[in-house]
1. Determine, yes or no, whether LYS46 is under 16 Å from the mean Cα position of the chain (by Cα) and of a type in the set (D, E, K, R).
2. Determine whether segment 85-101 contains at least one residue that is surrounded by 14 or more Cβ atoms within 10 Å (Cβ to Cβ), under 18 Å from LEU19 (Cβ atoms) and of a type in the set (S, T, N, Q).
3. Mind checking which pairs have a first residue in segment 21-47 that is surrounded by 18 or more Cβ atoms within 10 Å (Cβ to Cβ) and a second that is part of a loop (DSSP other than H, G, I, E, B) and modelled with pLDDT of 95 or more, Cβ under 9 Å, 6 or more apart or different chains?
4. Got at least one residue in segment 108-121 being in contact with a Ser or Thr (Cβ under 8 Å, 6 or more places away or on another chain), modelled with pLDDT under 90, assigned to a loop (DSSP other than H, G, I, E, B) and among the hydrophobic types (A, V, I, L, M, F, W, C)?
5. Of the residues GLU12, GLU52, which single one is in contact with a helix residue (DSSP H, G or I) (Cβ under 8 Å, 6 or more places away or on another chain) and surrounded by 11 or more Cβ atoms within 10 Å (Cβ to Cβ)?
6. Looking for something at pLDDT 90 or above, of a type in the set (Gly, Ala, Ser) and part of a strand (DSSP E or B) - is there at least one such residue anywhere in segment 42-64?
7. Just one of PHE61, PHE67 is in contact with a Lys or Arg (Cβ under 6 Å, 6 or more places away or on another chain) and surrounded by fewer than 16 Cβ atoms within 10 Å (Cβ to Cβ); which is it?
Amino acid sequence: MAIHNDFGKKGEQLAKLFLEENGYEILDENWHFNKAEVDLIAYKNKTIIFIEVKTRSGDYFGSPEEFVDHKKQKLLSDAAEEYIYIMQHQGEIRFDIVSILINKHSENPKITHIEDAFWNY
């Protein structure tokens, strides 16, 4: 596996632990639909949350969450529609981003959880 894939998987595991520690139940990881992959799907307060995890080693070119562009948001929205159809979910949904900065000079990654990061398309 490529180093950047390992780095991304590390970020997803950190995000999962962070969310679980904050009361989220993880329903699925790396869920695929067509060309879309949803990193984490969680449940809290009767809401299904579709979560994009962005992990970077620095913010020189922008914060990690800035890399969730409109195309990615549309793919996540399409995947979410299929997921709620399959699960027959009648409640609320939302889209979150978990931004993780892992600095090689620091042992503690900076984790930022952005709730309602974008709207369903």
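1. Values: under 16 Å from the mean Cα position of the chain (by Cα): no; of a type in the set (D, E, K, R): yes.
So LYS46 does not fit the description; no.
2. yes
3. LEU40/TYR24; ALA42/TYR24
4. No, segment 108-121 contains no residue that is in contact with a Ser or Thr (Cβ under 8 Å, 6 or more places away or on another chain), modelled with pLDDT under 90, assigned to a loop (DSSP other than H, G, I, E, B) and among the hydrophobic types (A, V, I, L, M, F, W, C).
5. Working: GLU12 fails: in contact with a helix residue (DSSP H, G or I) (Cβ under 8 Å, 6 or more places away or on another chain).
Of the residues listed, the single one that is in contact with a helix residue (DSSP H, G or I) (Cβ under 8 Å, 6 or more places away or on another chain) and surrounded by 11 or more Cβ atoms within 10 Å (Cβ to Cβ) is GLU52.
6. Initially, segment 42-64 is screened for residues at pLDDT 90 or above, giving 42-55.
Applying the additional criterion that residues be of a type in the set (Gly, Ala, Ser) yields 42.
Still in the list and also part of a strand (DSSP E or B): 42.
Scanning segment 42-64 turns up at least one residue that is at pLDDT 90 or above, of a type in the set (Gly, Ala, Ser) and part of a strand (DSSP E or B).
7. Working: PHE61 fails: in contact with a Lys or Arg (Cβ under 6 Å, 6 or more places away or on another chain).
The match here is PHE67.
The values are calculated or read from the model by the stated rules, or taken from the named source; none is laboratory data. Treat the numbers as computed from the prediction; the structure is a model and nothing was measured. So basically every Cβ, Gly included, is an ideal-geometry build from the backbone, and we count neighbours across all protein chains shown.
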